[in-house]
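Read the structure below first, then the notes.
The values are calculated or read from the model by the stated rules, or taken from the named source; none is laboratory data. Note that the coordinates shown come from a computational prediction; the quantities given were computed from them, not determined experimentally. No Cβ is skipped: glycine too gets one built from the backbone with ideal geometry, and neighbour counts run over all protein chains shown. For the accessible areas, the whole protein counts, side chains as well, though only heavy atoms, and no ligand, DNA or RNA atoms are used. Shrake-Rupley method; radii C 1.70, N 1.55, O 1.52, S 1.80 Å.
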Amino acid sequence: MTPDMPDVTRARHGRPVHHWRRDVVELAALFTAVAVADAVANLIGHGPDGPALLVISAIVLAATAGFHVWWSRHHGHAPPVSDTGARPAAEKRPAGPSEQPGADEITNVLWRMRTTVKDEPGSLAALCTALAEGRVDILSLQTHPLADGTVDEFLLRAPGALAAAEITRAVALAGGTDTWIERADAHDLVDAPTRVLGLAARTALDTAELPLALRQLLGRCTIRTLPGTPAGGGRGPEPVPVEGVLEDTVMRLPAPEGGVLTVERPYLPFTPTEFARARALVELDTRLGPRIPRGHDVLTLPEGDHITVRRVDTGDLAAARAMHDRCSPHTLGLRYHGPVGDADRYLNHLLSPRFGRTLAAQTASGRIVGLGHLLWDGDETEVALLVEDDWQRRGVGGELLGRLVALAAEAGCDSVYAVTKASNTGMVAAMRGLGLPLDYQVEEGTLVITARLDPTPVATAPGPQPPRLG
């Protein structure tokens, strides 16, 4: 309690909470005072000594008020400072409107903000002052010099009640232009050099990490690889110089396997610093060549059979083609939504780590009996399964799909989708077995199932959980 609020205490969110007992006492005192006043009025109005009694009552009331003032000054309602560990009263200062306790101080929000300021002394100081006045804490700052200004990128921590529009309005008044802001998370607390080194290490271990590393480095963007020689024939994309091309919101770089790698971000132009970092990651990937982790898991299926699940790439094209040859036309039709005339063309693309990750289930003899693909489709992610006829309905597809979705969640994907025929009950059952929220869309016999990912573990077949692959 505080001296200026003796009858209430503060709740957890700063709201006053009244004591009902004190209210009852005050109400009783009020009724008593009314009764006494009525009695005095009757006595003064009907007695001969009324004026004298009125003067005496005024003197008594004045003496009572003086005693109350003296008592309040010498006996405060707050406990002694020594009992609370608080600062002495002389050090206290009135709290401003923005400093009142409440939910805003309990909940803070992380923001990533980028704005352009003039390249002149004092411009950044004015920006920082405007943020400080809104009680916005600057956790990190990067500068990207331009020809006619500087792009400043901030990681901010702001009160929960402070909307993004209020932050950008304050930045605009301080001289910031072309301001962009979005919510951040704890991963953004890592400083930029450390984050770039971590992305380079992941790229060095796995070819399939390059698109993910670029996306984490540059934020929301669409990444596409156009091969130099299209699989269906025809003319490939126009080649780009070795140093690449930067055009506002689009950058084009030589793809590591040939062709052109395009990165597009429609909402925010790339800076020269971002372009240099992306080019360094692509050059690293090109120098190291194709590579995938070689770990594997040995699993026991519900029927007792043992299979091995491992990462595969184009080096396993012959074994994958042999499995294709053993599959029935019906199974291939469910997987590819129609007749398959040239499986090599499909498999060479699907097995390439440039376009995603592929897991294979193989027997003890090394024969591949199932393939699961996780494909980067622009800013979306597709999953696909193909299981040999003799190994269907035995848990192979569920094992592959569970690990693919776990890889997608690890890569930061919000959702994955599968495209199949509406009659493919096996794929539908495998997606439902994930235990994730699903969305179904059916159009002319084609079924698209989208699973929204969350932090909960992905459901797999019973048994011990093996270590993750790659």
**Value of relative contact order over the stretch 142-207, rounded to a whole percent, pairs C-alpha under 8 Å and six or more apart** = 19
**Message:** Ignoring ligands, DNA and RNA, please state the percent of accessible area on the stretch 273-321 from carbon and sulfur, probe 1.4 Å.
**Reply:** 53
**Fill in**
By the Cα gyration tensor axes a ≥ b ≥ c (a/c under 1.5 gives rounded; else a/b larger than b/c gives prolate, otherwise oblate), the shape of the stretch 328-445 is rounded
**Complete:** Taking R0 as 30 Å and r as the Cβ-Cβ distance between Arg224 and Asp439, the FRET efficiency 1/(1 + (r/R0)^6), rounded to the nearest 0.05, comes to 0.75
**Length gained when the stretch Ala125-Thr308 is fully extended (0.36 nm per residue, less Cα-Cα span)** = 59.9 nm
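Placing unit charges on C-beta atoms (Lys and Arg positive, Asp and Glu negative, everything else neutral), compute the dipole magnitude of the stretch 244-309 about its Cα centre in debye, rounded to 20.
For the stretch 244-309, the charge dipole is close to 340 debye.
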**Asked** Where the Cα atoms of the stretch 398-459 are projected onto their three principal axes, how long is each span, largest first, in whole Å?
**Response** 33, 20, 15
**Fill in**
Computed over the stretch 229-377, the relative contact order (Cα-Cα under 8 Å, seq sep at least six) in percent reads 16
**Asked** By how many nm would the segment from Arg294 to Ala172 lengthen if fully extended, with 0.36 nm per residue of separation less the alpha-carbon distance?
**Response** 38.7 nm
**Prompt:** Under a 1.4 angstrom probe, counting protein chains only, how are Arg287, Arg265, Arg195, Arg335 ranked by accessible area, largest first?
**Reply:** Arg287, Arg195, Arg335, Arg265
**Request:** Measure off 7 Å from each Cα along the Cα-to-Cβ vector at Arg287 and Tyr336, then give the distance between these two points in nanometres to one decimal.
**Result:** 3.9
**Prompt:** Between Asp148 and Asp191, what FRET efficiency comes out of the Förster formula 1/(1 + (r/R0)^6) with R0 = 25 Å and r the beta carbon distance, rounded to 0.05?
**Reply:** 0.35
**Item:** Backbone N under 16 Å from the Arg326 label point (7 Å along Cα→Cβ), restricted to the stretch 386-418
**Value:** 386-397
**Item:** Cβ-Cβ FRET estimate between Trp180 and Ala204, R0 fixed at 22 Å, reported to 0.05
**Value:** 0.10
**Message:** Using Cα-Cα distances under 8 Å and only pairs 6 or more residues apart, what relative contact order does the stretch 330-430 have, in percent?
**Reply:** 24
